[in-house]
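K.L.:
Have a look at this one.
The values are calculated or read from the model by the stated rules, or taken from the named source; none is laboratory data. It should be emphasised that the depicted structure is a prediction, and the values quoted were computed from it without experimental measurement. Here the Cβ is made from the backbone with ideal geometry for all residues, glycine too, and neighbour counts use every protein chain on show.
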Amino acid sequence: NSSKDLAGLKFVVTAGPTRESIDPVRYITNHSSGKMGYAIAERAAKRGAEVVLISGPTHLPTPPGVQRIDVISTNDMYEAVMNHLEWADVFIKSAAVADYRPKAVAVNKIKKGEGDLTIEFTRNPDILKELGKRKRNGQILVGFAAETQGLIANAKAKVETKNLDFIVANDLTKEGAGFQSDTNIVTMIDKYGNMEHYDLMPKKELADTILNKIKSLLGRE
Ligand code: C5P
């Protein structure tokens, strides 16, 4: 796909994990590498789209032609995404967002004692769900689902509850799928109920497959 077939479209892509502080020196996060989102941003820019990549902490270089905004926490990501609510034609939410954050961030480093430590967590905003509520006619919203059980049923439910155009579901129990890996194995489910399964493929190739699906939903064949 060497043509600029996505020219004129504005993409917001989120990628990577988020990081939630516990105290001034500690945080919790997850194993997301950001590879899937960065591959999508890279391919979309190559294909002529204007791309804003909103990224949690990763070790990846910014793809050529992509405007990158770095964020740390889910709340930071929420704000950066919502700032592009009007601007974007397409939102691709491939970030592995932390659903919870410590209820309070300790001002000083928590000292160890003899016994156990309990940390209370509170819910973070669901960025994708909020986008689903606010999306305007013609805007495309793509979510990701990563599960260790009940993948397809959960993914189908998310298409509805989050008002998505489609979801990319990856089965974390399969070798070569999900976090860290350069490959993925996914099922795409759209709002019309169409389901397409893709066997093991490089994330860069999958990025093009996802972009092709968006293109066809936008009626740009
Ligand atoms: O419900 P679940 O977290 O599994 O849904 C995954 C999708 O929702 C991903 O696209 C992820 O980026 C997005 N998400 C979000 N904000 C959250 C949690 C998940 O945007 N707080």
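K.L.:
Note down all Cβ pairs under 9 Å where the first residue falls in region 98-113 and is over 19 Å from T29 (Cα atoms), the second is at pLDDT 95 or above and surrounded by 14 or more Cβ atoms within 10 Å (Cβ to Cβ), and they're at least six residues apart or on different chains.
P.N.:
V107/D23; N108/D23
To keep it simple, each residue is scored yes or no on (1) modelled with pLDDT under 95; (2) in a strand (DSSP E or B); (3) of a type outside the set (G, A, S).
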position: F144; (1), (2), (3): no, yes, yes
position: K156; (1), (2), (3): no, no, yes
position: V159; (1), (2), (3): no, no, yes
position: I167; (1), (2), (3): no, yes, yes
position: K174; (1), (2), (3): yes, no, yes
position: Q180; (1), (2), (3): yes, no, yes
position: A207; (1), (2), (3): no, no, no
position: I214; (1), (2), (3): no, no, yes
position: E221; (1), (2), (3): yes, no, yes
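K.L.:
Among what's in region 76-114 and is among the β-branched types (V, I, T) and closer than 29 Å to V186 by Cβ, pick the residue that is farthest from the ligand (Cβ to nearest atom).
P.N.:
Across region 76-114, the extreme among qualifying residues is V90.
K.L.:
Mind listing whichever residues of region 1-47 are of a type in the set (D, E) and touching a strand residue (DSSP E or B) at 6+ places or on another chain (Cβ under 7 Å)?
P.N.:
Listed by number, the list holds a single entry, E20.
K.L.:
Does any residue in region 4-32 that is over 21 Å from G178 (Cβ atoms) and of a type in the set (F, W, Y) come within less than 6 Å, Cβ to Cβ, of a residue that is within 15 Å of the ligand (Cβ to nearest atom) and at pLDDT 95 or above six or more places away or on a different chain, and which pairs are these?
P.N.:
F11/V90; Y27/R19; Y27/E20
K.L.:
Which count do you get for residues in region 6-23 that are within 16 Å of the ligand (Cβ to nearest atom) and either of a type outside the set (D, E) or in a loop (DSSP other than H, G, I, E, B) (or both)?
P.N.:
The number of residues fulfilling the criteria is 9.
K.L.:
Filter region 13-42 down to residues that are surrounded by 24 or more Cβ atoms within 10 Å (Cβ to Cβ) and either farther than 13 Å from F144 by Cβ or touching a Cys at 6+ places or on another chain (Cβ under 6 Å) (or both), then give me how many there are.
P.N.:
The qualifying residues number 3.
K.L.:
Looking at region 30-49, which of its residues are assigned to a helix (DSSP H, G or I) and of a type outside the set (D, E, K, R)?
P.N.:
Selection gives M36, G37, Y38, A39, I40, A41, A44, A45.
K.L.:
Just to verify a result, which residue in region 124-142, among those that are out of contact with any strand residue (DSSP E or B) (no Cβ under 6 Å at 6 or more places or on another chain) and charged (D, E, K, R), is farthest from the ligand (Cβ to nearest atom)?
P.N.:
That would be R136.
K.L.:
List the pairs whose first member sits in region 137-151 and is touching a residue at least 40 places away in the same chain (Cβ under 8 Å), whose second member is assigned to a loop (DSSP other than H, G, I, E, B) and of a type in the set (D, E), and whose Cβ atoms are under 8 Å apart, counting only residues at least 6 apart or on separate chains?
P.N.:
G138/D89; Q139/D89; I140/D89; I140/D165; L141/D165; V142/D165
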